[in-house]
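The values are calculated or read from the model by the stated rules, or taken from the named source; none is laboratory data. From a predicted model like this one, the values you see are computed outputs, not experimental measurements. Cβ atoms come from the backbone with ideal geometry, glycine included; neighbour counts cover every protein chain shown. Ligands, DNA and RNA are stripped out before the accessible areas are found, and what is left, the full protein with its side chains, is counted by its heavy atoms. Shrake-Rupley method; radii C 1.70, N 1.55, O 1.52, S 1.80 Å.
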Amino acid sequence: MPHIHEKIDFCVEVFIVYKDKVLLRIHDKLKIWLSVGGHIELDEDPVQAAYREVKEEVGLDIQIIGEAHGPTDQEEKNRGYKYLIPPRYLGKHPVNDTHEHIAFVYFATSESEDIADSVLDHEQGMETKWFTMEELENTELVPNVKFYAEEALKELGK
């Protein structure tokens with residue numbers, strides 16, 4: 001999706017765990033290992049964006065970890081207010097000198113390790129890999145990606 005604002009965009013990052021592995025992808029432009037994720041569209045909330053990005057990029061059905069806290073049966077009485085699953089972490093990083101991203105970082109599980117190629121043309125054929133904790137330790141990763149991937153495995157790995 002194109003940027004929705006010249007100064008800042010909101011994005012999701014999803015660290016997906018299957019058994020004792022976490023999924024990372026080579027970013028199509030940056031050429032570094034990152035989680036699955038991308039921009040939050042104008043018509044969706046961060047949780048919807050997380051599910052959509054994962055389905056688009058790797059074809060997995062996931063379960064986002066966490067709970068929406070609040071009386072969810074009260075949505076109609078509460079002016080349509082919806083309680084969302086909070087992200088595990090929030091982060092901010094520059095994209096360039098004039099633009100930055102605020103990232104909602106989610107942890108998720110998958111019942112399958114079978115991934116599909118991205119439905120998006122510019123992301124097709126990107127390298128995707130399930131990493132064990134040992135492989136994470138022996139792979140050059142940017143610090144926040146390494147931290148989130150290790151934390152996801154500590155919390156969710158079997």
For Asp117 and Lys129 in one chain, what is 0.36 nm times their gap in residues minus the Cα-Cα distance, to one decimal in nm? 3.1 nm
Regression test value, accessible area per residue of the chain, probe 1.4 Å, units Å², expected 59
Using Cα extents along the principal axes in Å as the read-out, say which of (i) 48, 42, 32; (ii) 51, 41, 28; (iii) 66, 39, 29 was calculated from these coordinates. (ii)
The correct ranking of Ile16, Ile85 by accessible area at 1.4 Å, largest first, is Ile85, Ile16
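With r as the distance between the Cβ atoms of Phe147 and Lys7 and R0 = 22 Å, compute the FRET efficiency 1/(1 + (r/R0)^6) and round to 0.05. Please report the intermediate quantities before stating the final value.
On the way: r = 26 Å, r/R0 = 1.19.
Computed FRET efficiency for Lys7 and Phe147 comes out at 0.25.
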Lys and Arg at +1, Asp and Glu at -1: neighbours of Leu141 with Cβ under 15 Å from its Cβ sum to -3
Can you give the net charge of the other residues whose Cβ lies under 14 Å from the Cβ of Pro87, counting K and R as +1 and D and E as -1? -4
Of Ile26, Ala50, Gly91, whose Cα points farthest to the positive end of the dipole of the chain (charges on the beta-carbon: +1 Lys, Arg; -1 Asp, Glu; origin at the Cα centre)? Gly91
With every protein chain left in place, what is the accessible area of Val17 in Å² (1.4 Å probe, nearest 10)? 0
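What ranking of Arg25, Arg88, Arg52, Arg79 comes out by heavy-atom accessible area, probe 1.4 Å, highest first? Don't skip to the answer; put the middle values down first.
Values: Arg25 15, Arg88 85, Arg52 50, Arg79 205 Å².
The ordering from most to least exposed comes out as Arg79, Arg88, Arg52, Arg25.
What's the local net charge at Ser35, with K and R +1, D and E -1, over the other residues with C-beta under 9 Å away? Don't skip to the end; give the middle numbers.
On the way: positive: Arg25; negative: Glu13.
Net charge around Ser35: 0.
Report, in deg cm²/dmol and to the nearest 500, the calculated mean residue ellipticity at 222 nm for the chain, where each DSSP H run with n ≥ 4 adds -39500 (n - 2.57) and the sum is divided by the residue count. Let's see the in-between values first.
Values: 3 runs with 32 residues, N = 158.
Helix-only estimate at 222 nm: -6000 deg cm²/dmol.
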Under unit Cβ charges (Lys, Arg +1; Asp, Glu -1), what dipole magnitude, rounded to 20 debye, does the chain have relative to its Cα centre? 380
Among Glu140, Glu6, what's the order by accessible area (1.4 angstrom probe), most exposed first? Glu140, Glu6
Any chance you could look up the accessible area of Glu137 with a 1.4 Å probe, heavy atoms only, rounded to 10 Å²? 110
